[in-house]
Amino acid sequence: MTMRLDVRHLVSLLAVAAFALLALGSAAAP
Amino acid sequence: MRVRPAIDPELLAALSVPRVAPWLCAAVVDWLVVVAIFALVAWVDHPVAYALAVFPLGSRQQALGALFHDAAHHLITRRKGANDALGSVLAAWPLGLTLGGYRAYHFAHHRGLGTLDDPEMAHKGGLRQWHLPAAPLPVAASFAGDLVLGGIPHLVAAGRLTKPVSWRETLGIGAFWLGLLAIAYRAHLVWIPVLWIVSIATVFWSGVRLRIWTEHLGTKDTHRVVVPTWLAHAIMPHDIGLHWEHHWFPSVPFWNLAKLRAALPGPRVTLTELARAFLTSAPLPSGTIGETIDAEARTMGDEATVAAAGRDLDRLRYAGHVAVPLALGGFVYLGFRPKLPRLFAPLEALGFRGGLLEGYLPPRFVDVFPDVAWAYALTALLVLVWGTRELRGKLWIAVGPGLAAGWELGQLAGIFPGSYDLADLVFGVAGALAAVVICKEPALSLSPAAPAPKAE
């Protein structure tokens, strides 16, 4: 039996990472 | 064959007596609200206030539309001169319509309902935007387009269909508007008629578009729609949503339609049931005659139609709850902040300068709003991807408010760059939680109409 990764985990991880980057990037001083 | 609903003739006669007072009261209240809106906008005197004013103005224009519709049916008073004078000055002319011109169109609509003699069919056939089954994205796009004057071709078509029928009428409405514009010009208040006309061409028209959907689409009769009271006040005022009752008994003035409805048994449908039927209906091209939706909002759409509508609705949910808040937050962040952080340096290299609109919104709002919008967008995305039933989904969803709170608390502890702000913390978490509450259940679900899954 093969383990299949639910693609929703990947989508969620990418979304959270993108938002975290957005937060970090927008907080950094100009 | 449509059968006229049975009603006690004495009751009908009693409900059909016109009285000036209820009509005039409604007109005066509607105009007072209009004056209050203009006064408030002038007092706030902010571009955003002028832009947002079209929504309440359009709502009151719908109300005046309902009143002039009653005037067209001679339901203010039996004295024709007084009926038409009140109806013209207080309702029809301000909306750019004449009673005679509208009567010619509207009485033909009453007589020809359910046939190609109905002039409304000419509108639906000419500007083909009322197809069944309704496709959510084009329909949403046409409503959104109304807000940027996309309704103008419709207004031109409606203007042709309701042309004044006499010189007296043309002179009347012409003198009314010339006088009004002259007064506005002398008083340096030209913005008032301009805003009024913009509102007619956007929000008011959008409301008419909605009524074209809800009144007769997919039936040769009229849908007997139940509209929640708050929504009726906003978009279908003065019981103009009781259109089924009106079509069967057009002698009853608007302020008696609710009593008429109570006296007539029979099925009624909610706006949600009707919307579901539109999405899953058997095909009926815009401007053609057919019965695809029955009095209980049942329809004969096939499985492929239901599946396609479901997919489109899903896309619309991602667009509305994720893309739109993301873009709104970005717009406020990039447009109203004085300096862009390093993340946006590539944009600056491309010649984009941030803060072009700086000063147009309160600085606190500019600080907090993007955080709220982005927390909403992320959490909404997680809710839409996972639903709220499974534990692993709930854990992922918790990351939304968790990130909003953790970010600010991390700033407080000095772990993350930037400065801690209690308002950011509170509103960010509130935005994320709002997404859970709002997106948990779809506003419109196709499941009751969808076929049951086949057992395997």
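Just so you know, all these numbers are worked out from the coordinates, no wet-lab data involved. Since the structure is predicted, the reported quantities are computational estimates derived from the model, not experimental observations. FYI the Cβ positions are ideal-geometry reconstructions off the backbone, even for glycines, and counts take in every protein chain you see.
Dipole size in debye (nearest 20) for segment B:51-180 around its Cα centre, Lys and Arg Cβ +1, Asp and Glu Cβ -1?
280
Quick one: which of B:3-11, B:150-158 comes out on top by average Cβ neighbours within 10 Å, and what's the full order, highest first?
The peptides rank, most packed first, as B:150-158, B:3-11.
Which whole-number percent is the relative contact order of segment B:255-377 (Cα, under 8 Å, 6+ apart)?
Here the relative contact order equals 21 percent.
What does the average come to when, for each residue of peptide B:389-399, you count the partner chain Cβ atoms lying within 10 Å of its Cβ?
Across B:389-399, the average partner-chain Cβ count within 10 Å equals 2.
Treating only the Cβ of Lys, Arg, Asp and Glu as charged (+1, +1, -1, -1), what charge dipole size does chain B show about its Cα centre? Round to the nearest 20 debye.
That gives a dipole near 680 debye.
How long is the protein assembly as shown along each principal axis, judged by its Cα atoms, biggest number first, in Å?
79, 72, 37
Scale the Cα Rg of segment B:372-446 by the rule-of-thumb value 2.2 N^0.38 Å and send over the ratio, two decimals.
Segment B:372-446 yields a ratio of 1.18.
If r is the Cβ-Cβ distance from B:A182 to A:L5 and R0 is 60 Å, what FRET efficiency results, to the nearest 0.05?
Rounded to the nearest 0.05, the efficiency is 0.25.
Got a sec? Charge dipole of the protein assembly as shown, +1 on Cβ for Lys and Arg, -1 for Asp and Glu; which of B:S206, B:G100, B:L334 is way out at the positive end?
Of the options given, the answer is B:G100.
Place the peptides B:186-195, B:431-440 in order of packing, highest mean first, counting for every residue the other Cβ atoms within 10 Å and averaging per peptide.
Ranking the peptides B:186-195, B:431-440 by packing returns B:431-440, B:186-195.
Does anyone have the angle between helix B:303-318 and the longest principal axis of chain B? Alpha-carbon axes, 0 to 90°, nearest 10?
The angle comes out at about 60 degrees.
Once you average over the residues of A:11-23, how many Cβ atoms of partner chains fall within 10 Å of each Cβ?
Values: counts 5, 11, 2, 0, 10, 8, 0, 2, 12, 6, 1, 8, 16.
What the average comes to for A:11-23 is 6.
Note the angle between two axes, namely the Cα long axis of helix B:136-146 and the longest principal axis of the Cα atoms of chain B, as a number of degrees from 0 to 90, rounded to the nearest 10.
It works out to around 80 degrees.
Quick one: work out Rg over Rh on the C-alpha atoms of segment B:81-224, Rh as Kirkwood radius.
Ratio of gyration radius to Kirkwood radius: 1.01.
Would you mind checking the tilt of helix B:271-280 against the longest principal axis of the Cα atoms of chain B, expressed as 0 to 90 degrees and rounded to 10?
Between helix and principal axis, roughly 80 degrees.
Let me know the mean shielding of B:402-411 by other chains, meaning the per-residue number of their Cβ atoms within 10 Å of its Cβ.
For this peptide, the per-residue mean of nearby foreign Cβ atoms is 2.
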